[in-house]
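Please read the structure below before turning to the comments.
Values in this text are rule-based calculations from the coordinates and carry no lab data. Because the structure is predicted, anything quoted here is derived from the model rather than measured. All Cβ positions, even for glycine, are placed from backbone atoms using ideal geometry, and neighbour counts span all protein chains on display.
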Amino acid sequence: MSEQQADLGVLGMGTMGANLALNFADNGGFTVALGNRTVEKAYGIRDSNPALAERLVPADSIEHFISTLKSPRVVVIMVNAGKPVDEQIDLVLPHLAPGDILIDAGNADFNDTVRRERAIKDTGIHFVGMGVSGGEEGARHGPSIMVGGDQAVWQRLKPLLEPISAKFDASPCVDWLGTDGAGHFVKTIHNGIEYADMQMIAEIYGVLRDGIGLSAGEIGDIFSDWNTRGLQSYLVEITAVTLREKDPETGKPLVDVIVDEAGQKGTGRWSVIEAQKLGVGATTLEAAVSARGISSRRAERAEAEKLFGDIETARAEFHGDHDGLAELEAALETAKIIAYAQGYAVMAEASREFGWNLPLGGIARIWRAGCIIRSRFLDDITQAYEAGEVVNLLQSPHFASRVREGQASLRRVVAKAALAGLPIPALSAALAYFDDYRHARGTTNLTQAQRDLFGAHTFRRLDREGVFHHKWPQV
Ligand code: NAP
């Protein structure tokens, strides 16, 4: 291969980087330079894809990698978040020139993206934080792509990214969402919502397994049925697939032999931290992240079961209640709407706070295919934003009517699960948030009174304008 022939380069040949590079070569028809810390992997990717080998250019060193790129250069970094990204930037930056584009396509804390963009700005090299969702399959055949950075740079990237993105009704699932960290922020909230969605599905699975007493296969059939209606989504579809899968070694349902411990990586935690910083309640996302934390304390949970297991009172609430399936379906759908409304509320507030003007309806549009939370439901979100100003998705006419219809089911499922001692942290968080949110007269008047008593924090009155302090009795 002669020098300067590659249309772009991908640095990082892990699961995502390698598949994204193959996607650029295959669906984009681009020639792609392949760079990796462990150089052999880059050659391995080319050698194991003979049909695309002509368009894959493995590099031995950063100098070699750069020398294969057409100018102005486009370099996509796809390594683990944090220090590895800074290291790759330090490695590649001295070889780039003004006008070149450096993209971080991994997951990133958007605060890092803002910092990196600022640090690079004066060099004339463009830094782009870009969220990519869809896992291995998405990266290879069409992910959902959330682009941040300068809008002018997006115009240059569009012809590279549209061909490799997922398509929904022929519309590419990629867009520019706002300046600096907007793309990575939206990807973070996408993952927070994904955590909540998965957790609520798992909680309903728990009710079906431990409450009603169904087998994994039976539960798989139920999710498969639910996937034909309002809950239709990739996550519900894969839930059915995983529940029906048998362990080749034991013949048991595979889920029954999988340890109930899940890790939580950057994005879930970041989504909750950012929600708190912005002062937006994202309680279902928080419940999902916390549930993974609790899941990882397996030995401790076993001890707690010995201590408190006998508190369970009314498993009979559910047992054999096959007629309750419609109620569970409605409860899950309602809680899901509340979780997405929370994620959207965080994005709306971030948009105001950081001056991004996020296209909230457009975000749902690019999530309709390629990404992990893809679903029919996202179309309804796009439509809600297209129909007019949305204060909160829960107040948009379509979702308000669905929640009005489904809330009684969510209420009954949460109440029955609580009586039966079944863990439903995200479902109950959804209901608690909903009840809090729909009360014009809440209870923080008492909190304000307490704060004024012990700290002279002052309060406002319902019947008069102004800020007041009361001389409370001495305690
Ligand atoms: P991975 O399979 O573990 O690959 C990690 C890559 O990063 C490898 O190429 C590795 O190089 C490189 N790397 C790690 N530390 C490095 C360092 N200090 N210096 C240089 N290179 C380093 O990870 P992945 O799943 O592809 O994830 C990459 C990014 O995509 C992450 O930000 C991840 O959060 C994000 N992401 C992942 C998914 C997913 O489903 N996997 C989905 C969306 C986004 P070596 O080969 O030399 O070790």
Going from the fewest other Cβ atoms within 10 Å to the most, one would list 434, 127 as 434, 127
Bounding extents of the chain in its principal axis frame from Cα atoms, largest first in Å, are 78, 67, 46
Ranked on Cβ counts within 10 Å of their own Cβ, fewest leading, 399, 185, 30 go 30, 399, 185
To the nearest 10 degrees, the tilt of helix 283-295 (Cα long axis) against the first principal axis of the alpha carbons of the chain is 80
About its Cα centre, the chain carries a charge dipole, from +1 on Lys and Arg Cβ atoms and -1 on Asp and Glu Cβ atoms, whose size in debye to the nearest 20 is 1100
Measuring from its Cα centre, the range 188-437 shows a charge dipole (+1 at each Lys and Arg Cβ, -1 at each Asp and Glu Cβ) which, in debye to the nearest 20, is 500
The lysines whose Cα lies under 24 Å from the Cα of residue 158, excluding any fewer than 8 residues away in the same chain, are 70, 121, 167, 187
Per the Cα gyration tensor, the range 8-180 corresponds to an equivalent ellipsoid with semi-axes, largest first in Å, of 22, 20, 14
Computed over the chain: longest principal axis from alpha-carbon atoms vs helix 15-26 long axis, angle to nearest 10 degrees, is 50
Most exposed to least, judged by fewest other Cβ atoms within 10 Å, 338, 219 sort to 219, 338
In degrees rounded to 10, the 0-90 angle between helix 83-92 Cα long axis and the longest Cα principal axis of the chain is 20
In the range 188-437, taking the dipole from +1 charges on Lys and Arg beta carbons and -1 charges on Asp and Glu beta carbons about the Cα centre, the listed residue (377, 324, 230) farthest towards the positive end is 377
About its Cα centre, the range 134-183 carries a charge dipole, from +1 on Lys and Arg Cβ atoms and -1 on Asp and Glu Cβ atoms, whose size in debye to the nearest 20 is 140
Note to self: C-alpha centroids of the range 118-134 and the range 89-103 sit apart, in Å, by 10
Correct semi-axes for the range 354-475, from √(5λ) of the alpha-carbon gyration tensor and rounded to whole Å with the largest first, are 37, 24, 14
Counting only DSSP beta bridges with both partners in the chain, the antiparallel fraction in percent, to the nearest 5, comes to 30
Straight-line reach check, residue 306, cutoff 27 Å on alpha carbons, 8 or more apart in-chain or any other chain, hits among lysines -> 252, 416
antiparallel share of DSSP beta bridges within the range 8-180, to nearest 5, in %, is 20
